[in-house]
Amino acid sequence: MNFLRRRLSDSSFVANLPNGYMADLQRPDSSTSSPASPATERRHPQPLAASFSSPGSSLFSSFSSAMKQTSQAPSGLMEPPAPSTPVVQRPRILLVIDDAHTDWAKYFHGKKVNGEIEIRVEQAEFSELNLAAYVTGGCMVDMQVMRNGTKVVRSFKPDFILVRQHAYSMALGEDYRSLVIGLQYGGLPAVNSLYSVYNFCSKPWVFSQLIKIFHSLGPEKFPLVEQTFFPNHKPMLTAPHFPVVVKLGHAHAGMGKIKVENQHDYQDITSMVAMAKTYATTEAFIDSKYDIRIQKIGSNYKAYMRTSISGNWKANTGSAMLEQVAMTERYRLWVDSCSEMFGGLDICAVKAVHSKDGRDYIIEVMDSSMPLIGEHVEEDKQLMADLVISKMSQLLMPGGTVPSPLRPWAPQTKPAKSPGQAQLGPPLGQPQPRPPTQGGPRPVQSPQPPRSGSPSQQRLSPQGQQPLSPQSGSPQQRSPGSPQLSRASGGSSPNQAPKPSTPLTSQPRPPVQGRSASQQGEEAKKPASPHPHLNKSQSLTNSLSTSDTSQHGTPSEDEAKAETIRNLRKSFASLFSD
């Protein structure tokens, strides 16, 4: 109001007011001419709408609204944005199937998936688990465990599984293969994969995979022990030589293995196999000097040598001396070859026997349920925990997919190439060319000297989709819509010797003034050599690499190289635009 009174005392402001505004301001009922007492205003309050409806109050409303906007503008700029509510993701549940001797929760303490999501560890044995699996609902696991004398009952949906226990053993009467089937039914990822865990429930089945590796690598690189399989006792008439080791069914830790010295003892063992109603295997007894164990956990390798002290022919029974030995390339080949079976084993170990005559014999391979030995047991457990966290980060983040059980996490390897097969890609150690984008110019490949090879050497199209024979590489047999670029610079026919082309950067050709890209493309289509079987890319390279310094001045070397590359791109664009 003081501001309004000062403005009304100004004659220039009053003169500029519209007609009737001063009359309204000087009315007797106006608040400026006859202000009411505070008591009267309290007894007869005027509504806010009525004050804005009168013509005299329009000026006050305009001034007050302007002043409010002026006072609110700075405060609105200074108001901080409302803090966004952080999205708290639920912790990922890791089910560790192992006995209570190892507390796996401490190895995952403080670890997070991708550094963001907590990990909740649930540990139990196969005997303490039950489950129900659904097509769309995953797998619901019921756990009943004893913790410090208290029975703990929980139900949860695991996100990942670490298997550290055998699912099947005939010696102990434990068969939990149905639980493995249920977990696989629920589509749960695991280390090792549930597909491989189920396949490891029969040792002769695993040994059949070792036989495949034996035939692939040969006896020198992969010395596998000689073994015979019998589905039941009926074919077990006699052994070719003695002593022999008989293994009954599927068992662990040296159980179910018997050393037979002669034919009479062998017949007795045959009767025991008939009573057991199971399969059996026989293998020649090896007078061993020590046992060898090579283990692989992720990308970590260790090799151990175990020598029996008690004199037992089983090195894992009785007293033995354990020593870590150097990891050789021979041992690495063994464990790497075995780690590829059943879609890939992230944790595995190979057992071998070193005989007294200096020869090695591979006898067994173990999966993630293998016992840990040596002085680095704690380190191996931490390696397993880090491996599980790495797999969980790959699979359980948004956008991650559960891999196929046939090839869970094995790296993609290129197929082996036969010696007579042509090289269809760049050699190892060189960067792969980037695939061309559709609708744009093709990338320029620097010419290479021709390779000497047989006439049956193959070539690829620029897209690398279908190999072409040399007969189909001539310009007369190609369709204009899909020009073919040869892998090597020499694109001549098999009947002619390949002609080496000059490198693109050796003698750059200056740009020709006054010619458009289309004209250069038309000139590039013309053959630059008398050979009729040269392809378009070679003729274009020859035409651009020819020096023409007699007609034009020679620019600097860098400018000439850059201009040559630009002209080459334009020529390729005009050449393949149709």
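The values are calculated or read from the model by the stated rules, or taken from the named source; none is laboratory data. What you are looking at is a predicted structure, and each value in this text was computed from that prediction instead of being measured. Methodologically, a virtual Cβ is constructed for each residue, glycine included, from the backbone with ideal geometry; neighbour enumeration extends over all protein chains shown. In case anyone asks, the SASA skips ligands and DNA or RNA and just uses the protein heavy atoms, side chains included. Shrake-Rupley method; radii C 1.70, N 1.55, O 1.52, S 1.80 Å.
Select from segment 95-120 the residues that are of a type in the set (Val, Ile, Thr) and either touching a Cys at 6+ places or on another chain (Cβ under 6 Å) or farther than 19 Å from Val377 by Cβ (or both) and write down the one among them that is modelled with the highest pLDDT. Step through it out loud before you land on a result.
At the first step, the residues of segment 95-120 found to be of a type in the set (Val, Ile, Thr) are 96-97, 102, 113, 117, 119.
Right, trim to either touching a Cys at 6+ places or on another chain (Cβ under 6 Å) or farther than 19 Å from Val377 by Cβ (or both) and you get 113, 117, 119.
On the way: Val113: 92, Ile117: 91, Ile119: 95.
In this case the residue turns out to be Ile119.
Condition check: in contact (Cβ under 8 Å) with a residue 24 or more places away in the chain, of a type in the set (Asp, Glu), open to solvent by 40 Å² or more (accessible area, probe 1.4 Å) and farther than 21 Å from Met170 by Cβ. Does Glu261 satisfy that? Let's see the steps before the verdict.
Working: in contact (Cβ under 8 Å) with a residue 24 or more places away in the chain: no; of a type in the set (Asp, Glu): yes; open to solvent by 40 Å² or more (accessible area, probe 1.4 Å): yes; farther than 21 Å from Met170 by Cβ: yes.
Answer is no for this residue.
Could you please find all residues in segment 288-302 being in contact with a strand residue (DSSP E or B) (Cβ under 6 Å, 6 or more places away or on another chain) and open to solvent by 40 Å² or more (accessible area, probe 1.4 Å)?
Taking segment 288-302 first, the residues in contact with a strand residue (DSSP E or B) (Cβ under 6 Å, 6 or more places away or on another chain) are 288-297, 302.
Hits for segment 288-302 are Lys289, Tyr290.
Read through the list (1) over 31 Å from the mean Cα position of the chain (by Cα); (2) surrounded by fewer than 19 Cβ atoms within 10 Å (Cβ to Cβ); (3) at pLDDT 90 or above; (4) under 27 Å from Leu383 (Cα atoms), then give the number of the only condition that Asn316 fails.
(3)
Does any residue of segment 303-310 turn out to be surrounded by 16 or more Cβ atoms within 10 Å (Cβ to Cβ) and under 30 Å from Tyr266 (Cβ atoms)? First the steps, then the outcome.
Our first condition is that a residue be surrounded by 16 or more Cβ atoms within 10 Å (Cβ to Cβ); within segment 303-310, this holds for 303-306, 308.
Remaining after also requiring under 30 Å from Tyr266 (Cβ atoms): 306, 308.
Checked against the condition, which is being surrounded by 16 or more Cβ atoms within 10 Å (Cβ to Cβ) and under 30 Å from Tyr266 (Cβ atoms), segment 303-310 yields at least one hit.
Matching residues to (1) closer than 23 Å to Thr281 by Cα; (2) open to solvent by less than 50 Å² (accessible area, probe 1.4 Å); (3) of a type outside the set (Ser, Thr, Tyr); (4) at pLDDT 95 or above:
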residue: Arg332; (1), (2), (3), (4): no, no, yes, yes
residue: Glu340; (1), (2), (3), (4): no, no, yes, yes
residue: Lys351; (1), (2), (3), (4): yes, yes, yes, yes
residue: Lys356; (1), (2), (3), (4): no, no, yes, no
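How about segment 157-225: which helices (runs of 4 or more DSSP H) wholly inside it have at least 2 residues that are surrounded by fewer than 21 Cβ atoms within 10 Å (Cβ to Cβ) and in contact with a Ser or Thr (Cβ under 8 Å, 6 or more places away or on another chain)? Break it down stepwise before answering.
On the way: elements: 177-185, 194-199, 203-217.
By residue number, 203-217.
Out of curiosity, is Ala239 open to solvent by less than 40 Å² (accessible area, probe 1.4 Å), part of a loop (DSSP other than H, G, I, E, B) and under 10 Å from Glu283 (Cα atoms)? Outline the logic, then answer.
Values: open to solvent by less than 40 Å² (accessible area, probe 1.4 Å): yes; part of a loop (DSSP other than H, G, I, E, B): yes; under 10 Å from Glu283 (Cα atoms): yes.
For Ala239, the condition - open to solvent by less than 40 Å² (accessible area, probe 1.4 Å), part of a loop (DSSP other than H, G, I, E, B) and under 10 Å from Glu283 (Cα atoms) - is met.
Mind checking which residues of segment 110-138 are among the hydrophobic types (A, V, I, L, M, F, W, C) and over 24 Å from the mean Cα position of the chain (by Cα)? Please lay out each step first, then the result.
The initial filter retains those residues of segment 110-138 that are among the hydrophobic types (A, V, I, L, M, F, W, C), namely 113, 117, 119, 121, 124, 126, 129, 131-133, 135.
Result: Ala124, Phe126, Leu129, Leu131, Ala132, Ala133, Val135.
Kindly provide the set of residues from segment 367-380 that are open to solvent by 30 Å² or more (accessible area, probe 1.4 Å) and not in a loop (DSSP other than H, G, I, E, B), ordered by number.
Matches in segment 367-380: Val377, Glu378, Glu379.
Checking the structure you have, find out if any residue of segment 270-287 is open to solvent by 60 Å² or more (accessible area, probe 1.4 Å), closer than 23 Å to Leu322 by Cα and of a type in the set (D, E, K, R).
yes
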